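A.B. asks: I have a structure I would like to understand better, so I am pasting it below and will then ask my questions one at a time.
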Amino acid sequence: MTTLALLTLNPRSKLARASFRDPQTVHKTLMRCFESDLGCEARKRVGLLWRIEPGDAPTILMQSEAEPEFAALPDDYADIRQRPLGEHIESLHDGLTVNFRVVLNPARNSRTGGVNRRIVIPAKDRPQWAAERVANVGLDAVSVPTITGMADRHVKRGEKRVPVYSVRVDGVARVSDVEHLRAAIRGGIGHAKAWGCGLLTVLRA
């Protein structure tokens with residue numbers, strides 16, 4: 001059962017304040033809400049996706065396929081509102097006009113000199129790149145999507161701090177392939193899903 005929750009973080013909580021600096025902290029904290037013995041690809045097994053939402057209050061939008069146990073979170077971490085999403089997803093259909101939002105990792109794979117690399121998409125190319133990304137999951141953008149840069153964050157890889165680039169994409173689109181769209185809503189889009197990218201939400205325009 002797909003579940004969507006809005007977590008309004010408590011600014012007095014040390015853990016909540018750390019969430020805005022470190023995506024690894026968010027990932028580990030939210031994974032507390034699920035079984036601890038899921039093995040490899042635990043995030044994928046429970047379908048966890050999340051993103052930081054704009055607004056006056058520090059907020060995280062969290063989606064999962066498994067039912068989260070929010071009692072596992074610290075009492076002072078966040079105020080939580082939760083609702084099932086399955087009926088909404090099933091109500092979507094081809095031809096429907098929707099408002100959409102997704103946070104994406106603006107990068108692509110490149111292989112040069114026999115080495116795989118992640119190449120950051122230049123800012124001037126991101127609107128067209130974003131339109132192509134959503135077209136691949138069954139959404140035909142009605143106009144060029146709005147791209148909002150988000151604060152760079154980092155994750156640790158051994159002794160290194162690796163940047164996680166992200167942009168928020170907002171737009172209006174028509175549903176062209178509802179089955180692809182439903183799969184993208186449940187599974188997310190692109191890379192860096194554990195670090196706050198990939199969660200796609202749509203609302204009837």
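A.B. asks: Which of the residues spanning the range 115-137 are open to solvent by less than 50 Å² (accessible area, probe 1.4 Å) and over 15 Å from Gly190 (Cβ atoms)?
C.D. replies: Pro127
A.B. asks: Give me a count of the residues in the range 38-63 that are open to solvent by 40 Å² or more (accessible area, probe 1.4 Å), outside any helix (DSSP H, G or I) and in contact (Cβ under 8 Å) with a residue 60 or more places away in the chain.
C.D. replies: 1
A.B. asks: Tell me whether the range 64-79 contains one or more residues that are hydrophobic (A, V, I, L, M, F, W, C), surrounded by 12 or more Cβ atoms within 10 Å (Cβ to Cβ), touching a strand residue (DSSP E or B) at 6+ places or on another chain (Cβ under 6 Å) and part of a helix (DSSP H, G or I).
C.D. replies: Yes, the range 64-79 contains a residue that is hydrophobic (A, V, I, L, M, F, W, C), surrounded by 12 or more Cβ atoms within 10 Å (Cβ to Cβ), touching a strand residue (DSSP E or B) at 6+ places or on another chain (Cβ under 6 Å) and part of a helix (DSSP H, G or I).
A.B. asks: Additional query: Checking Arg108 against (1) under 26 Å from Thr2 (Cβ atoms); (2) open to solvent by 40 Å² or more (accessible area, probe 1.4 Å); (3) touching a strand residue (DSSP E or B) at 6+ places or on another chain (Cβ under 7 Å); (4) of a type in the set (D, E, K, R): exactly one of these is not met. Which one?
C.D. replies: (1) is the only condition that Arg108 fails.
A.B. asks: Which numbered condition trips up Lys28, out of (1) over 22 Å from Tyr165 (Cβ atoms); (2) without any contact (Cβ under 8 Å) to a residue 40 or more places away in the chain; (3) open to solvent by 60 Å² or more (accessible area, probe 1.4 Å)?
C.D. replies: With (1) over 22 Å from Tyr165 (Cβ atoms); (2) without any contact (Cβ under 8 Å) to a residue 40 or more places away in the chain; (3) open to solvent by 60 Å² or more (accessible area, probe 1.4 Å) applied to Lys28, the lone miss is (1).
A.B. asks: Could you count how many residues in the range 114-134 are under 22 Å from Val162 (Cβ atoms) and of a type in the set (A, V, I, L, M)?
C.D. replies: 5
A.B. asks: Quick check on Arg101: is it exposed (fewer than 12 other Cβ atoms within 10 Å of the Cβ) and in a strand (DSSP E or B)?
C.D. replies: Spelling it out, it is not the case that Arg101 is exposed (fewer than 12 other Cβ atoms within 10 Å of the Cβ) and in a strand (DSSP E or B).
A.B. asks: Let me ask something else. Just name the residue that is nearest to Asn99 (Cα to Cα) out of those in the range 148-161 that are aliphatic (A, V, I, L, M) and either open to solvent by less than 50 Å² (accessible area, probe 1.4 Å) or modelled with pLDDT of 80 or more (or both).
C.D. replies: The qualifying residue nearest to Asn99 (Cα to Cα) is Met150.
A.B. asks: So, in the range 162-192, exactly how many residues are in a helix (DSSP H, G or I) and surrounded by 21 or more Cβ atoms within 10 Å (Cβ to Cβ)?
C.D. replies: Residues that pass the stated criteria total 3.
The values are calculated or read from the model by the stated rules, or taken from the named source; none is laboratory data. Bear in mind the structure is a predicted one, so any value in this text is a computation, not a measurement. Neighbour counts run over all protein chains shown; Cβ positions are idealised from the backbone, glycine included. To get the accessible areas, we keep the full protein, side chains included, count just its heavy atoms, and leave off ligands, DNA and RNA. Shrake-Rupley method; radii C 1.70, N 1.55, O 1.52, S 1.80 Å.
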